[in-house]
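All remarks here apply to the structure that follows.
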Amino acid sequence: MTSAFEPWARCRDLGEAVAIAFIGRPVTPSFGDRTYGVPTGNEPHRLSDGAVVVLTVAAEADRTCRILVGPLVPDETVDAPVTEKADPALDAAVNWLASQGPCRSS
């Protein structure tokens, strides 16, 4: 995967859609843990008894049209948990950014 931020392990649908938007971009690695694993679009349907069933009606694809199934895995897996005092995935991303040198102006 190539995205500029951590795809959080607890994110679902929308969070994974954002992570997918960065897949395939050059020089944009991802850091963290695998995502929850539901890169899909869901739609609620009301039943005749008033109950609602939510059906998966779409799968998500990256910019290369590759349909994604299951958890998204980052380029650099960081297994250490986030605590009040530390965010190891964020630290890995910051270290990577610092190693890239100054930004280029257009």
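Over the chain, what is the relative contact order in percent, taking alpha-carbon pairs closer than 8 angstrom and at least six residues apart?
Working: 200 pairs, mean separation 30.3, N = 106.
Computed value for the chain: 29 percent relative contact order.
Collect residues whose amide H, placed 1.01 Å from N in the peptide plane, falls under 5 Å from the amide H of residue 33; neighbours closer than 5 in sequence don't count.
Amide H to amide H, under 5 Å and 5 or more residues apart or across chains, residue 33 pairs with 9, 78.
Does the range 24-63 come out rounded, prolate or oblate by the C-alpha gyration tensor, with a ≥ b ≥ c the root eigenvalues, rounded set by a/c under 1.5 and, if not, prolate when a/b is larger than b/c and oblate if not? Walk me through the numbers before you get to the answer.
On the way: a/c = 6.28, a/b = 2.83, b/c = 2.22.
Note, shape of the range 24-63 comes out prolate.
Computed from the coordinates I sent, Rg and Dmax of the Cα atoms in Å equals one of (i) 22.6, 85; (ii) 16.3, 50; (iii) 17.0, 61. Tell me the label.
Correct label, based on the coordinates given: (iii).
Looking at the range 21-64, which trypsin sites (Lys or Arg not before Pro) are DSSP coil and have at most 10 other C-beta atoms within 10 Å of their C-beta?
Values: sites: 34, 46, 63; in loops: 34, 63.
Counting only loop positions with at most 10 other Cβ atoms within 10 Å, none of the trypsin sites (Lys or Arg not before Pro) in the range 21-64 qualifies.
Divide by every residue of the chain the summed helix terms, -39500 (n - 2.57) for each DSSP H run of at least 4, and state the resulting mean residue ellipticity at 222 nm, rounded to the nearest 500 deg cm²/dmol. All intermediate terms of the calculation are to be shown ahead of the outcome.
Numbers: 2 runs with 20 residues, N = 106.
-5500 deg cm²/dmol, from helical runs alone.
Given a 1.4 Å probe, how much area per residue of the chain is accessible, in Å²? Walk me through the numbers on the way to the answer.
On the way: 7280 Å² over 106 residues.
Roughly 69 Å² per residue, with all protein chains present.
The values are calculated or read from the model by the stated rules, or taken from the named source; none is laboratory data. Nothing here was measured: the structure is a model prediction, and the numbers come from that model. Ideal geometry is used to build each Cβ from the backbone, glycine not excepted, and the neighbour counts take in all protein chains shown. Ligands, DNA and RNA are excluded from the accessible area calculation, which covers all protein heavy atoms including side chains. Shrake-Rupley method; radii C 1.70, N 1.55, O 1.52, S 1.80 Å.
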